[in-house]
Amino acid sequence: MWEDSVGPGARQPICALTAAHIDDFDRSELMKFKDAGLDVMESKPCNIPRLFKVVDDMFKSLQLPAIACALVALSSAAAQSDEYTKIDNHPCLRDYNGITKSMFDLADANPTLATVTDIGDTYLKLHPGSAITEMSDIPEDGFDIWGFNVTNSDSSHTSDEKAKVLIISGVHSREYATSELNMRFAEKLLDGFGDNSDINWILNHTEVHFIFTANPDGRYMAESDVELWWRKNANFENGSTCDHPEDNPGVDMNRNYPFAWGREDGASADPCMDDFFGSAPGSEPEVQAVIAYAKSIFPEHQFLDDPENSIDMERGENTTGVFIDIHSSGRMIYYPWGFVDQIAPDDDALQAFGRKLAKADDPSRDHVLWAPEQPDFMYPASGDATDYMYGALGVASFGFEIGQNFDEDCPVFEDEVVADNIPALMYAVKAASLPLFYSQGPDILSLSVHVDEEYEESSNEIHISVKASDSELVNIENYPTFHTGDQAVNGVTLFLDVHPENHNGAGHTWELAFVDTKDGIDTFGKVVRMPSDVSPGRHIVYAQAVDSDGYLGPVTSSWIDVPEITNPNQLLDGDGMINPCEVTIGRSSNSPLTVDCDKIGKQEEPRKEIKPLIEEIDNGTRSKALSLASLAATAIVGLVL
Ligand SMILES: [Zn+2]
């Protein structure tokens, strides 16, 4: 539903060789790849289709030794893709060991981007051997619980300055696809860094934290015996009377959070029921681990002193941070409140955000809102993680119910679950710094950058086009239109190289011009003339739209590969004089070259040396205008556009 930002100048995704592969051959060979124009990135996981593309390119452009190297890497990468163990009969879904090994391998391969932290122990690790033994394959010694932080540690932003996201999965152990989806998203971020401009700024500005398997004891049992349909953890303290397999012991970790805990209309007091809320609020070590990790991430000033007496208090549009809990199944998005069918005080913003998460790749698969005062509010769930994170820690908080089954079929997982939910997770991380504000603003649906064909010889024009909409993502199938999407898109601003949140008047910005509107989607565009202080090479341009109520939307970006103008010096006079005034070049129409200093109130008059040329153009022919446009292009030097 959201296009990746793609500029024609942006290079195609290029193979990334892992550090291990690179060690297989001489580094001078690596330089051959790079010299041939291939972005071979070290220390990044290899993607087979990309590697095929590299091999294909090399047949066209490189000599045999380099091809041999790529083929070595290819076979090595193919072996690696099968390295991770899968859930029985689900070749697309890694099991607990596969997910955990993947996590450690990613951290090893991306030392500046990914960190693993031991965030606590499972019930069985704290109480080894305590589970009932007649059940098959109890993990007697339990497990560690791991947090995984994905961010660029080399960014200029400190951890305190970065927006925070926490995405957890595998809370309910039989919901197999949740951990795989979460891992795919982490892999997308790590694989895309350095390549995808949005992922670059996201990881420079944001810490995306993951807990892939929030319930490892339970997951172990669910994988050992699919027939168990194991959901809860392995705390059997209160479950000695349960008549397994019909009724299972264990605590439902998504009813154990210390917020609205213990309500029997949203959970069960019966230890044998699937939604048993446990012996006390936050009694379970797995829940304690998630809470402690969340408190270490999210800003303390947003925590509430008396959460249960603050359910009517707006958290407000300055709220920062996003929590997501991935469950399955049913193609649903939920958000507070869950313990009661009553809207939360920030419902406008939460609902707008939830609807944008619910937007699917195919409209027929738009998710439903299991949300207060919506027709699909199925039943209350009390003591759940999503209510806790919003109610007690004050962050924007959402739950996913992905796909159609606990044990999702692989074609459905790949073609629908991944296709629908990875873009939704990307939306969430883009909006994480101000989720309850950005969700009410317009979205950039596409951003295209086109470098003028004559740039290298005479032009310095870059054509930028943006499609933006206040309504497109917030309005989903089978629901009435939502009022946060009723406003017109008032404008789109481009920021060169400086992220809008860090802008403070620095760097170049441009306002795009409205072009047209169709079906609620507005097109804006501009021919941007690159100022001369922008060096040739790769830059990033950020776009952000604003609606008529003043709400900004999330930022979308694209690379701009600024070409070198072949010989700019010949266009200057002998003293290197330049015209500081605004120049309009009639390149694509028959309008003449003009200079208008008054229009922009520049402090300097045009240089005399330039004036005769302008007059010549004013009186001259198109061909003269074209040849002199180059001069004018250079004459823009020093202007703030
Ligand atoms: Zn669940």
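The values are calculated or read from the model by the stated rules, or taken from the named source; none is laboratory data. Remember, predicted model here, so these are calculated numbers, not experimental data. In this analysis, Cβ positions are derived from the backbone assuming ideal geometry, glycine residues included, and neighbour counts consider all displayed protein chains.
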Given the structure, is ALA488 closer than 22 Å to THR523 by Cα and surrounded by fewer than 21 Cβ atoms within 10 Å (Cβ to Cβ)? yes
Yes or no: SER153 polar (S, T, N, Q), assigned by the TED database to the domain that holds ILE199 and under 25 Å from LEU228 (Cβ atoms)? no
Scanning segment 299-325 for residues that are assigned to a strand (DSSP E or B) and of a type in the set (A, V, I, L, M, F, W, C), the one nearest to the ligand (Cβ to nearest atom) turns out to be ILE324
Only one residue in LEU350, LEU357 is aliphatic (A, V, I, L, M), more than 16 Å from the ligand (Cβ to nearest atom), in the same structural domain as TRP230 (by the TED database) and closer than 12 Å to ALA424 by Cβ, so which one is that? LEU357
What single numbered condition from (1) surrounded by 19 or more Cβ atoms within 10 Å (Cβ to Cβ); (2) over 24 Å from ALA214 (Cα atoms) fails to hold for ASP362? (1)
Yes/no for GLY218 being of a type outside the set (D, E, K, R), within 14 Å of the ligand (Cβ to nearest atom) and at positive phi: no
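Here's the yes/no breakdown for (1) crowded, with 23+ Cβ neighbours inside 10 Å; (2) within 22 Å of ASN318 (Cα to Cα); (3) in contact with a Leu (Cβ under 9 Å, 6 or more places away or on another chain):
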residue: TYR438; (1), (2), (3): yes, yes, yes
residue: PRO442; (1), (2), (3): yes, yes, yes
residue: GLU453; (1), (2), (3): no, no, no
residue: GLU457; (1), (2), (3): no, no, no
residue: HIS463; (1), (2), (3): no, no, no
residue: ILE476; (1), (2), (3): no, no, yes
residue: PRO500; (1), (2), (3): no, yes, yes
residue: ASN504; (1), (2), (3): no, yes, no
Evaluate segment 209-229: report whether one residue or more is in contact with a helix residue (DSSP H, G or I) (Cβ under 8 Å, 6 or more places away or on another chain), in contact (Cβ under 8 Å) with a residue 40 or more places away in the chain and under 30 Å from ILE560 (Cβ atoms). no
Among the listed residues SER296, SER328, which satisfies the condition of being within 16 Å of the ligand (Cβ to nearest atom) and of a type in the set (S, T, N, Q)? SER328
Go through segment 238-262 residue by residue and tally those that are away from the ligand (no atom under 14 Å from the Cβ) and surrounded by 16 or more Cβ atoms within 10 Å (Cβ to Cβ). 10
Taking the conditions exactly as written (in the same structural domain as TRP146 (by the TED database), of a type in the set (Gly, Ala, Ser) and either part of a loop (DSSP other than H, G, I, E, B) or modelled with pLDDT under 95 (or both)), does SER296 satisfy them or not? no
Segment 395-430, subset away from the ligand (no atom under 15 Å from the Cβ), of a type in the set (Gly, Ala, Ser) and more than 13 Å from VAL165 (Cα to Cα), residue surrounded by the fewest Cβ atoms within 10 Å (Cβ to Cβ): ALA419
Residues to consider are ASP247, ASP265; find the one that is out of contact with any Gly (no Cβ under 6 Å at 6 or more places or on another chain), modelled with pLDDT of 95 or more and more than 30 Å from ASN318 (Cβ to Cβ). ASP265
Just a yes or no: is a residue in segment 147-168 within 16 Å of the ligand (Cβ to nearest atom) and under 30 Å from GLU207 (Cα atoms)? yes
Would you mind stating whether GLY330 is over 29 Å from ASP144 (Cα atoms) and touching a residue at least 40 places away in the same chain (Cβ under 8 Å)? yes
Is there any pair linking a residue in segment 301-316 that is acidic (Asp, Glu) to one that is surrounded by 15 or more Cβ atoms within 10 Å (Cβ to Cβ) and part of a loop (DSSP other than H, G, I, E, B), with Cβ under 7 Å and at least six apart or on different chains, and which? GLU308/PHE259; GLU308/ALA260; ASP312/PRO345; GLU314/PRO345; GLU314/ASP346
Options GLU180, GLU187, GLU207: the member that is closer than 30 Å to ARG231 by Cα, outside the structural domain of ASN502 (by the TED database), of a type in the set (D, E, K, R) and within 16 Å of the ligand (Cβ to nearest atom): GLU180
Could you pull out the residue among ILE99, ILE138 that is crowded, with 23+ Cβ neighbours inside 10 Å, more than 16 Å from the ligand (Cβ to nearest atom) and either in contact (Cβ under 8 Å) with a residue 60 or more places away in the chain or closer than 27 Å to ALA431 by Cβ (or both)? ILE99
Take the residues in segment 99-148 that are more than 33 Å from the chain's Cα centre (by Cα) and of a type in the set (D, E, K, R); name whichever of them is modelled with the lowest pLDDT. GLU134
